[in-house]
Amino acid sequence: MGRKPLKKSRRDAPEKKEQWARKLIPHFQKKGLRSSTMDEVARLLHISKATLYKYFSSREEIVALCVAQKLQDIGRFRDILTDKNKPFLERYFQSIEYLSQQLADISSTFLADLKSIFPDTWATVDAFIESALEIILNYYEEGIRIGALQKANPHLMVMTDRFFLMALSDPRFLNASGLSLQEAFRQYFKMKFFGIVKKPEQSSQK
């Protein structure tokens with residue numbers, strides 16, 4: 001009978017891993033993931049591959065950490081959108097500006113690679129989108145309640161957001177539109193919002 005392979009113990013160093021992930025995120029976002037082998041990752045971090053394997057068991061574990069950190073950064077839009085100390089509309093535009101900045105360096109290649117090569121990690125992106133849409137739904141409901149938005153079904157409003165965010169993961173959509181991820185995102189939400197903002201009632205002309 002052959003010997004069972006022994007599981008290698010990994011070093012638990014969250015701060016070091018986070019520092020490495022922060023260095024890798026810009027590269028992954030720009031270049032995608034197909035060419036990012038463990039050798040390439042070790043080169044980018046200026047460490048040996050043997051050292052890299054002391055902390056990570058696989059390339060997907062590295063990518064998953066990078067994605068988790070990026071989603072954590074993006075997720076801070078919630079604090080802006082739910083800040084009741086700011087005017088209702090100001091919260092919206094500030095959160096959209098923040099999100100567009102966070103999306104600025106993410107290429108369609110990265111999204112396509114992540115979805116096709118690492119579906120389990122992509123599932124965390126799907127879960128994040130659903131969580132974000134729930135926050136946006138609550139915002140729409142608040143706007144309707146206080147009279148800042150037109151009386152429309154908030155679930156239908158957020159459904160269009162879901163379809164749009166799903167389209168962003170398809171590189172064909174961005175290539176056909178000639179827009180970057182950042183610009184497509186900014187234009188969509190500003191266009192949609194100006195279409196649903198409740199306009200002040202004009203006084204009747206005598």
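The values are calculated or read from the model by the stated rules, or taken from the named source; none is laboratory data. Quantities reported herein were computed from a predicted structural model and do not represent experimental measurements. Quick reminder, even Gly has a Cβ in these numbers, built from the backbone with ideal geometry, and neighbours come from all protein chains shown. To get the accessible areas, we keep the full protein, side chains included, count just its heavy atoms, and leave off ligands, DNA and RNA. Shrake-Rupley method; radii C 1.70, N 1.55, O 1.52, S 1.80 Å.
Measuring with a 1.4 Å probe in the full set of protein chains, what accessible area per residue, in whole Å², belongs to the chain?
Result: 61 Å² of accessible area for each residue.
Semi-axes of the equivalent ellipsoid of the range 146-193: what are they in whole Å, largest first, if each equals the square root of 5 times a C-alpha gyration tensor eigenvalue?
The answer is 25, 12, 6 Å, longest axis first.
Mind giving me the nanometre distance, one decimal, between the label points for residue 101 and residue 155, set 7 Å out from Cα along Cα→Cβ?
3.6
Per the Cauchy relation, a quarter of the hull surface: what is the mean projected area of the convex hull of the alpha carbons in the range 49-105, in nm²?
5.0
Could you report the accessible area of residue 17 in Å², rounded to 10, computed with a 1.4 Å probe on the protein chains as they sit in the structure?
Looks like 30 Å² after rounding.
Sorted by average packing, counted as other Cβ atoms within 10 angstrom per residue and highest first, what order do 48-61, 178-191 take?
Sorting 48-61, 178-191 by mean packing, highest first, produces 178-191, 48-61.
In vacuo Debye scattering of the range 1-117, one point per C-alpha: log10 I(q)/I(0) at q = 0.11, 0.19, 0.20 Å⁻¹?
Listed by q, the Debye log ratios stand at -0.49, -1.01, -1.07.
Provide the net charge surrounding residue 31, with neighbours chosen by a C-beta distance below 12 Å and charges set as Lys +1, Arg +1, Asp -1, Glu -1.
That works out to -1.
Arrange the residues 83, 120, 126 by how much accessible surface each exposes, largest first, with a 1.4 angstrom probe.
Final ranking, largest accessible area leading: 120, 126, 83.
Pull up all non-local amide H partners of residue 149: gap of 5 or more, or a different chain, and H-to-H distance under 5 Å with H placed in the peptide plane.
144, 198
With a 1.4 Å probe and all protein chains kept in place, how do 166, 159 rank by accessible area, largest first?
From most exposed to least exposed: 166, 159.
Taking the radius of gyration and the Kirkwood hydrodynamic radius from Cα positions alone, what is the Rg/Rh ratio for the range 68-206, to two decimal places?
Rounded to two decimals, Rg over Rh is 1.01.
Over the Cα atoms of the range 65-138, what radius of gyration and what Dmax do you get, in Å?
Cα radius of gyration and Dmax of the range 65-138 are 13.5, 43 Å respectively.
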